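*Asks:* So that we are looking at the same thing, I have put the structure below in structure tokens.
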Amino acid sequence: MSTIALPATTQERSEDYLLSRGQAWFAFAMTFGLMLFDYIDRQVIVSLFPHIKSEWNLSDKQLGSLVSIISIVVAIGGIPVALMADRVSRVKSIVVMATVWSVASVSCMFTTSYAQLFAARAVVGAGETGYGSVGAALISTLFPKRLRAGLLGAFYAAASLGSVLGVVLGGMIAAKWGWKAAFGVVGIPGLVMALLYLFVRDYKTVALTPQLDKVAHSLGDTLKHIFSTLARTRTMLWVCVGAAMQLIVVSAVWSWLPSYLNRFHGVEPESAAKQAAMVVLIGALGSVFWGYVVDRVTVRRPRNKLPALALLCVVTAGVFLAAFAGMQPGPQQLKLVLLGGFFMTCTVGVVSGVVIDVVHPGVRSTGSAVLSLFQNLFGLALGPFLVGALSDQWGLQHALALVPCFSLLAAAAFIWCARSYDADVTKVSGVRLAVAS
């Protein structure tokens, strides 16, 4: 196994903070803040669905595509961007990404047709490409391994919190100034955060094994290597599958609950957005809580993270099936949806930590980008579009009643990959790290 020689003092703290404690937490705060604005910009549109549908006479499938296109673009571009970040600079890459997505979000307020808005949303996705994976790699490397799942859970909780703010702000701004103004209001803060991110410290690019160094210079060779590695690293492959299946449920609920409350509970769009935001907020708390709990209960046997996730996914399926397939719209149904929201984000931080555990530190951003590809293309992109298409055929109630079945598929994937976790971790356990100058 390839290692990097470090000064003794650096090697001693390699099990602790790579930077000073203050610098590490500043990096986390800034990365968390940008993730927050990332999802504000991404999810603000879901509370605007009733307004856009009324003004432009769009189908549910078209509305869903305005959410899904971002995840599709993120999935396609995630690996090349993460590869560049791993070899050049994670911090500078994040600054560029945040600037692009913020400017694109502001541009949405000037669109005059579905095609223009769809294109602008695609550019938002282009800016967000690779951010989650690069940010996760940075955080997981600067902090002690013992804090990894909890911190990544908190980092990805920013996605839930940003979705809450996006939904609430979208509804409020649309009610006062029109739905297009919402895009401009939420896009500007990201530009400020992008500039401040220049003060974050990076870690040194890690020397690769000869094989990794060769493939890192060509995107085609890199992709070939990634997929051959996936075939050999069963833990990573099945964690990616399980994570994507669970995110189909998450993205479907996040995207369509405001419209569901408006259509079936008779709630006005602004109030529906606020009620749906509570489910997303509960999800943010759930991702942090379950990340911490799974970390604590599996500290002696880390492979048990995966059976724990499987159990939580089964609970998610049971709660949402009871809510959408077994109950009529009403207050009791909403209580069950809130409970399901607390469980459904259980995988968010843990799966990212598992991927970091089993990939070479020199390509952690790229490894996280593979997870992001699965999560975005087969999870976040599929959920809103699938529910929209099913809703056009059978109605939104039936569409949401089918979605929890994907949590059962996630549980099966996590159970399967637990068998290979220990062996895959051992392969990359000897690599040392150092801080960038």
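Each value in this text was obtained by applying a stated rule to the coordinates, not by laboratory testing. All of these numbers come straight from a predicted model, not from anything done at the bench. As a convention, Cβ positions derive from the backbone with ideal geometry for all residues, glycine included, and neighbour counts pool all protein chains shown.
*Asks:* Which distance in Å, rounded to a whole number, links the C-alpha centroids of segment 119-158 and segment 233-247?
*Replies:* Spelled out, the Cα-based centre of one part sits 17 Å from the other.
*Asks:* Residue-wise, which Karplus ³J(HN,Hα) couplings in Hz belong to segment 237-251, taking 6.51 cos²θ - 1.76 cosθ + 1.60, θ = phi - 60°, and x for glycine or proline?
*Replies:* Each residue's phi maps through the Karplus curve to give 4, 6, 5, 4, 5, x, 4, 5, 4, 5, 6, 4, 5, 4, 5 Hz.
*Asks:* In nm, to one decimal, how far is the modelled label at V314 from the one at Q332, with both set 7 Å along Cα→Cβ?
*Replies:* Taking the simple label geometry, V314 and Q332 are separated by 2.6 nm.
*Asks:* Can you flag which of K92/K427; K92/K274; K305/K427 are past 24 Å Cα-Cα?
*Replies:* Too far apart for the 24 Å limit: K92/K427; K92/K274.
*Asks:* What is the local net charge at Y421, summed over the other residues whose Cβ is closer than 12 Å to its Cβ (Lys, Arg +1; Asp, Glu -1)?
*Replies:* +3
*Asks:* Run the numbers on segment 9-427 and let me know its relative contact order in percent, using alpha-carbon pairs under 8 Å that are six or more apart.
*Replies:* 28
*Asks:* While we're looking at this one, here's another question. For segment 9-427, divide the Cα radius of gyration by the Kirkwood radius and give the resulting Rg/Rh value with two decimals.
*Replies:* So for segment 9-427, dividing Rg by the Kirkwood Rh gives 0.96.
*Asks:* If you take every residue apart from A174 with its C-beta less than 14 Å away from the C-beta of A174, what net charge results, scoring Lys and Arg +1 and Asp and Glu -1? Don't jump to the answer; show the numbers that get you there.
*Replies:* On the way: positive: K53, K176, K180, K274; negative: E55, E268, E270.
Computed value for this residue: +1.
*Asks:* Taking the simple approach of a point 7 Å from Cα along Cα-to-Cβ for both A29 and A412, what is their distance in nm?
*Replies:* Placing both labels 7 Å along Cα→Cβ, they lie 4.6 nm apart.
*Asks:* Here's something else I'd like to know. Using a Förster distance of 35 angstrom, determine the FRET efficiency expected from the C-beta separation of K427 and N57, and round it to 0.05.
*Replies:* Step by step, r from the Cβ atoms, then E = 0.05.
*Asks:* A further question follows. Given the Cα-Cα distance of F199 and R296 and 0.36 nm per residue of separation, how much length would full extension add, in nm?
*Replies:* 31.7 nm
*Asks:* Further question: Provide the net charge surrounding K61, with neighbours chosen by a C-beta distance below 13 Å and charges set as Lys +1, Arg +1, Asp -1, Glu -1. Walk me through the numbers on the way to the answer.
*Replies:* Values: positive: K53; negative: D60, D392.
It works out to a net charge of -1.
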